1. Cβ-Cβ under 8 Å, sequence separation 6+ or interchain: first residue in the range B:67-84 and acidic (Asp, Glu), partner in a loop (DSSP other than H, G, I, E, B). Which pairs?
2. Among the listed residues B:Ala205, B:Ala226, B:Ala188, B:Ala196, identify the single one that is small (Gly, Ala, Ser) and buried (at least 16 other Cβ atoms within 10 Å of the Cβ).
3. Evaluate the range A:193-203: report whether one residue or more is among the hydrophobic types (A, V, I, L, M, F, W, C), in contact (Cβ under 8 Å) with a residue 40 or more places away in the chain and within 13 Å of chain B (Cβ to nearest Cβ).
4. Which residues, counting only those in the range A:60-96, are within 14 Å of chain B (Cβ to nearest Cβ), under 19 Å from A:Ala271 (Cβ atoms) and of a type in the set (Val, Ile, Thr)?
5. Collect the residues in the range B:82-109 that are charged (D, E, K, R) and more than 19 Å from the chain's Cα centre (by Cα), keeping them in residue-number order.
6. Can you tell me which of (1) out of contact with any Gly (no Cβ under 9 Å at 6 or more places or on another chain); (2) modelled with pLDDT of 95 or more; (3) open to solvent by less than 50 Å² (accessible area, probe 1.4 Å) is the one A:Val183 doesn't meet?
7. Determine whether B:Ala251 is within 9 Å of chain A (Cβ to nearest Cβ), modelled with pLDDT under 95 and surrounded by fewer than 20 Cβ atoms within 10 Å (Cβ to Cβ).
8. Of A:Gly162, A:Gly167, which residue is buried (at least 24 other Cβ atoms within 10 Å of the Cβ), touching a strand residue (DSSP E or B) at 6+ places or on another chain (Cβ under 6 Å), within 29 Å of B:Gly234 (Cβ to Cβ) and of a type outside the set (Ser, Thr, Tyr)?
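The values are calculated or read from the model by the stated rules, or taken from the named source; none is laboratory data. The structure displayed is predicted, hence computed values, not measured ones. Backbone-built Cβ (ideal geometry, glycine too); neighbour counts: all protein chains shown. Please note that ligands, DNA and RNA were not included when accessible areas were found on the heavy atoms of the full protein model with its side chains. Shrake-Rupley method; radii C 1.70, N 1.55, O 1.52, S 1.80 Å.
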Number of protein chains: 2
Amino acid sequence: MQALAFDQRLEYRRDYPDLARRRGESIVRVSLAGICGTDLEISRGYMTFRGIPGHEFVGRVVEASNPELRGKRVVGEINAGCGRCDACIGGLSRHCPNRTVLGILGRDGTFAEFSTLPDENLLPVPDSIPDDAAVFTEPLAAAFEIFEQIHIGRNQSILVLGDGRLGAMVALALNSRSYEPLVVGHHAEKLERLSALGLNTTETAPDGKFDFVIDCTGKGDGFRDALAMVAPRGTIILKSTAAAGAELNLAPVVVNEITVLGSRCGRFAPALEALAAKRIDPRPLIDGIFPLSDGLDAISAAENPSNFKILLKPA
Amino acid sequence: MQALAFDQRLEYRRDYPDLARRRGESIVRVSLAGICGTDLEISRGYMTFRGIPGHEFVGRVVEASNPELRGKRVVGEINAGCGRCDACIGGLSRHCPNRTVLGILGRDGTFAEFSTLPDENLLPVPDSIPDDAAVFTEPLAAAFEIFEQIHIGRNQSILVLGDGRLGAMVALALNSRSYEPLVVGHHAEKLERLSALGLNTTETAPDGKFDFVIDCTGKGDGFRDALAMVAPRGTIILKSTAAAGAELNLAPVVVNEITVLGSRCGRFAPALEALAAKRIDPRPLIDGIFPLSDGLDAISAAENPSNFKILLKPA
């Protein structure tokens, strides 16, 4: 099959071996796949993954263990747990120590004609959600994860650091729950586009301190900036793993009694509900749709900081 | 008056200028003062403070603005807020941006014959608490602060990292609320003494992961150790500002959705209640009581990792 695959470097391949369906799993024909920051890290060789990257997708089931899934239009939760450990039994297979993760860890991803996931990871997409909105389910679910982890009071102030893909998802998720976050970023054009979606934006870091600062910068210095803008006893939410290896002084976390909350993947249901109810329409964030054969150009476009979302259209 | 004072280095002085009582403040004759890790950092010149260190004390009021305080045996909350900002008005003068902090920031401390604090910072000590227990009120209050910040479920596992002063206070506070933390440390003798106080202890880091890991190591690598021992979606509580400047990779915080909670000073009331009710008796942790004139020896004794608590007795 056709695929983008990483091994030393990212390549477009026409001859990637066909996938074998394992027991309990489905094969999905990928209709659209989204490119996110993690994929860019993989394509730069920053992670140890080898194989097909990609974990955001919408597609149609062509083979399944569960006959009810066949032919269904689906999105899929990206963590596949072992089903036997405490985390899995407790409903948190996203934290299974033996998990595979679609396009990230031990499992080929969605920058391909076909992809596989356990049947139980697949969720049918309501007809009211078109493909180019459904493909945002995974990153939106990651944004909604915040609400599963922490309560945000109605009078608390929220700053979203970063005007990229991740910041946009988080701000839209908050907005759909009637919070009014302020998005701070460096790209005037993108901020304007976010304003057009009903979000509060600014290019200049505000003076005051915020009860919640959500680091969506995807950069090592994001955490430091967040520390400077969070109020005493406030909360910093880290949505990106890119905050790696910087020299960090955690003393202000203790002195100001800050809560730092790591937040990763989320359940898909809240995202699908918001998309079906049109409380979020992420389609204005799409800046390009590329065929797989132009996959390397698509990656370049996704690297361009003036773009929000680049999609791949395998079929 | 006699005092230990820091300026370039820590010195015992007989001629430290007498304190002037400011409006709304009391002068306290210090009966006992405790030495904590922050005092050691100050005496090594690691912090910018100049003057008399020390913030743990019990004493007797000799002059006060409020006549009811005169002659009373007291302990004192160490953060003196401006009384006018949002934090102060909201009851969180511990986080006032303009605060002074006894023996730490802009205010001479308790390694002296006399010390000053605002009247409202002083709490009378119940007669049932002897001086050598009351002097532990401040570090115990810092331990009880955890309960004001976060809920710990009855079935959740708790690891206290570090068998020093701080670890002992935190474990005793948890124990007094019927939690059963496990204290892990490197000093067999100290662990034995903590066992004798009814605590679970171990010298070898346990295999499993813990719902709560409380970093009381006072060392930069404490946070890294805590990350290795906390369960997915678990909580690391940082009780020490010493975790400074190490090169930290926060990616595991995101991937495992860890909560990191900074925790500093606490209200004194819960600590005084636990001491008065004899739910905590910290006196077996005292390893030496020195006169002010032997203050430098006292500091050396406090630096010795086989000791828990060293006290100064100014009078």
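1. Hits for this filter: B:Glu77/B:Cys265; B:Glu77/B:Arg267; B:Glu77/B:Phe268.
2. Working: B:Ala205 fails: buried (at least 16 other Cβ atoms within 10 Å of the Cβ); B:Ala188 fails: buried (at least 16 other Cβ atoms within 10 Å of the Cβ); B:Ala196 fails: buried (at least 16 other Cβ atoms within 10 Å of the Cβ).
Criteria check complete, one pass: B:Ala226.
3. The initial filter retains those residues of the range A:193-203 that are among the hydrophobic types (A, V, I, L, M, F, W, C), namely A:194, A:196-197, A:199.
Still in the running and in contact (Cβ under 8 Å) with a residue 40 or more places away in the chain: A:196-197.
Checking which are within 13 Å of chain B (Cβ to nearest Cβ) leaves us with none.
Within the range A:193-203 (the criterion being among the hydrophobic types (A, V, I, L, M, F, W, C), in contact (Cβ under 8 Å) with a residue 40 or more places away in the chain and within 13 Å of chain B (Cβ to nearest Cβ)), the answer is no, since none of the residues qualifies.
4. The answer is A:Ile78, and nothing else.
5. The answer is B:Arg84, B:Asp86.
6. Only one criterion in (1) out of contact with any Gly (no Cβ under 9 Å at 6 or more places or on another chain); (2) modelled with pLDDT of 95 or more; (3) open to solvent by less than 50 Å² (accessible area, probe 1.4 Å) is unmet by A:Val183, namely (1).
7. Working: within 9 Å of chain A (Cβ to nearest Cβ): yes; modelled with pLDDT under 95: yes; surrounded by fewer than 20 Cβ atoms within 10 Å (Cβ to Cβ): yes.
In short, yes.
8. On the way: A:Gly162 fails: touching a strand residue (DSSP E or B) at 6+ places or on another chain (Cβ under 6 Å).
Result: A:Gly167 is the single residue among A:Gly162, A:Gly167 that is buried (at least 24 other Cβ atoms within 10 Å of the Cβ), touching a strand residue (DSSP E or B) at 6+ places or on another chain (Cβ under 6 Å), within 29 Å of B:Gly234 (Cβ to Cβ) and of a type outside the set (Ser, Thr, Tyr).
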